[in-house]
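These notes are about the structure you will find just below.
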């Protein structure tokens, strides 16, 4: 039976996480849970860039996690070739990561908006889950798998898969058997 | 070009850059490959073309700049995006001067990279479309093929060559179906006006009042139903050629207006006062006896002489049977592709029959006959039985090269076919008895076809 584990890592908005968990179950139709982990993410901090290396964080937990896990953090993430990433997941992998750092309105100098933040975090979690389920970016602009490189683009899409992505994700997850 | 049709090659000596970029583009649905240096990239380029190249500017061995030059030598339209660190922006600018599409600095802003790649793909698509469109434009302006080996067709080609590059008015005479329109197209395509439109008007197909509006255009409210201003064909043909088919059918009022417009290259739209100038060349065609029409007063003499400056007279097909074999093969080739049927040619007997047929509808009738025969035939070569020619149109006279015996044979065969192989009816027409017919059939080796 497949399952999704949400893992907070340096993430203090637990109420937000709990409210998202039920939505994740509803959309993915998989049971989910919130589990803590004692991984010290400071070792992935790059002092030159002032950011955390998302790729290395995923790699650190790769051998350990057997269920599909999405890590949640409020630190700013990067991968070596990009200035930042909202999240990261390997295609067909087991671990994804999402950062709320650039999803918060305050990053753009705007007043806090919790409901908007919740929507964005949910969309990013489902998006990274989609990659773990073997989905590539979708050309349907409102599918959750549409590529988004800015917060505005995240706001345009829905938190749901389009029909084609929904079918593909179900088939792939069933085949994975995690 | 769909995203999945866009092929990206990433050339960078850093494995992390290659792998990260490749997986990022793959997630977006691009077809991606990587190369660790210029040599590997050129080897990959030798096997297939890529739409977008991401080239690291600093690589061991051949650098990105030199690789860009090599790629452009092979594919001028290739889109190259230079990957650079801040330190080497100067070199990236040099690359831009040498034709790179853009450059990106490491680490990349995902939004900027995404936009840049989309624009690059669009640019590539436009370049490819441009090449394709240029190709089709070239084929549009290529003169149509005029088929035939006869002396007459060679003369027609000469006449076309002579007149094409002048602005002289051309009159094309010939029976219906002889290819007058094709000659007009050839003149236009060989003229310096070939990049402007060839506007064709079939004067016989529309009433005289409509023809006037068609030729000169009309202003809004010029007549009931003229809801909008409309440009006429003379105006549309500006810079190009106006081909007036069946010129002999136009009414006297239009003849006067047309003559004035041809002479002054100025006219007014129906219901308008504004003088419109248009630089058009006139080619007209007719299958009627214009001289007779002039005599009878149906066609203005002044217009007749204005149009009759350079005349190309196309002989009917029956007067140039030598062209038939090449025309037949041309139509077979044309329709075998369209029908996807592996037909190689035509049976000798069938060809002989076609060469003796009167072809009242000329080349058009021949083309239709070939098309129909190709639909019907089950053989690799079209057979005589595949044709359903109107036997009453069979040539009453024979080719001058036939012997008396051959004439008798062909004539008996024609009469038999005309009478659906009813021997008694044929004998009656031929004025001989049935026994004699049988003897002659035996003598000439003529056998009753199976389908009769």
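The figures follow:
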item	result
Top-ranked residue in the range A:45-69 [being part of a loop (DSSP other than H, G, I, E, B) and more than 16 Å from the chain's Cα centre (by Cα); ranked as modelled with the lowest pLDDT]	A:66
Matching entry among B:57, B:83, B:79 (being within 30 Å of residue A:141 (Cα to Cα) and away from every other protein chain (no Cβ under 14 Å))	B:79
Any hit, the range B:396-409, residues being at pLDDT 85 or above and in a loop (DSSP other than H, G, I, E, B)	no
Residue under evaluation residue B:89, criteria (1) within 23 Å of residue B:44 (Cα to Cα); (2) away from chain A (no Cβ under 13 Å); (3) over 38 Å from the mean Cα position of the chain (by Cα), criterion not met	(1)
Hey, residue B:366 under 24 Å from residue B:411 (Cα atoms) and assigned to a loop (DSSP other than H, G, I, E, B) or not	no
Among residues of the range A:77-102, those that are without any contact (Cβ under 8 Å) to a residue 40 or more places away in the chain and farther than 24 Å from residue B:15 by Cα, counted	2
Residue match in the range A:123-134 (condition: within 25 Å of residue B:22 (Cβ to Cβ), within 14 Å of chain B (Cβ to nearest Cβ) and outside any helix (DSSP H, G or I))	yes
Those residues of the range B:236-259 which are farther than 18 Å from residue B:305 by Cα and surrounded by fewer than 20 Cβ atoms within 10 Å (Cβ to Cβ), in sequence order	B:236, B:238, B:239
Selection within the range A:135-172 - within 13 Å of chain B (Cβ to nearest Cβ), in contact (Cβ under 8 Å) with a residue 40 or more places away in the chain and not in a loop (DSSP other than H, G, I, E, B)	A:151, A:154
Residue check for residue B:221: surrounded by fewer than 19 Cβ atoms within 10 Å (Cβ to Cβ), over 19 Å from the mean Cα position of the chain (by Cα) and assigned to a loop (DSSP other than H, G, I, E, B)	yes
Subset tally (residues that are under 17 Å from residue A:59 (Cα atoms) and over 11 Å from the mean Cα position of the chain (by Cα)) for the range A:91-128	4
Pairs, first closer than 18 Å to residue B:16 by Cα in the range A:45-61, second in a loop (DSSP other than H, G, I, E, B) and modelled with pLDDT under 95, C-beta under 6 Å, six or more apart	A:54/A:79; A:55/A:79
Unmet requirement for residue A:96, which otherwise passes all of (1) within 11 Å of chain B (Cβ to nearest Cβ); (2) surrounded by 22 or more Cβ atoms within 10 Å (Cβ to Cβ)	(1)
Every residue from the range B:3-18 that is surrounded by fewer than 16 Cβ atoms within 10 Å (Cβ to Cβ), at the interface with chain A (Cβ under 10 Å from one of its Cβ atoms) and free of Cβ contacts under 8 Å to residues at least 24 places away in the same chain	B:16
Qualifying residue in the range A:152-162 (condition: under 25 Å from residue B:106 (Cβ atoms), under 14 Å from the mean Cα position of the chain (by Cα) and at pLDDT below 95)	no
Number of the condition not met by residue A:72 [criteria: (1) at pLDDT 95 or above; (2) under 22 Å from residue A:156 (Cβ atoms); (3) away from chain B (no Cβ under 14 Å)]	(2)
Yes/no for residue A:45 being over 14 Å from residue A:6 (Cβ atoms), touching a strand residue (DSSP E or B) at 6+ places or on another chain (Cβ under 8 Å) and surrounded by fewer than 19 Cβ atoms within 10 Å (Cβ to Cβ)	yes
Members of the range B:40-67 that are under 45 Å from the mean Cα position of the chain (by Cα) and over 24 Å from residue B:26 (Cβ atoms)	B:65, B:66
Helices (runs of 4 or more DSSP H) wholly inside the range B:274-345 containing at least 1 residues that are over 27 Å from the mean Cα position of the chain (by Cα)	B:290-296, B:301-307
Odd one out for residue B:106 among (1) at pLDDT 90 or above; (2) within 14 Å of chain A (Cβ to nearest Cβ); (3) touching a helix residue (DSSP H, G or I) at 6+ places or on another chain (Cβ under 9 Å); (4) surrounded by fewer than 18 Cβ atoms within 10 Å (Cβ to Cβ)	(1)
Filter result for the condition that a residue is modelled with pLDDT under 85 and in the same structural domain as residue B:21 (by TED's automatic domain parsing), over B:132, B:98	B:132
Count of the range B:25-37 residues which are within 8 Å of another protein chain (Cβ to nearest Cβ) and in contact (Cβ under 8 Å) with a residue 40 or more places away in the chain	1
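Residue-wise test of (1) within 12 Å of chain B (Cβ to nearest Cβ); (2) crowded, with 19+ Cβ neighbours inside 10 Å.
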site	(1), (2)
A:83	yes, no
A:88	yes, yes
A:92	yes, no
A:103	no, yes
A:110	no, no
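The values are calculated or read from the model by the stated rules, or taken from the named source; none is laboratory data. Model, not experiment: these values are computed from the prediction. FYI the Cβ positions are ideal-geometry reconstructions off the backbone, even for glycines, and counts take in every protein chain you see.
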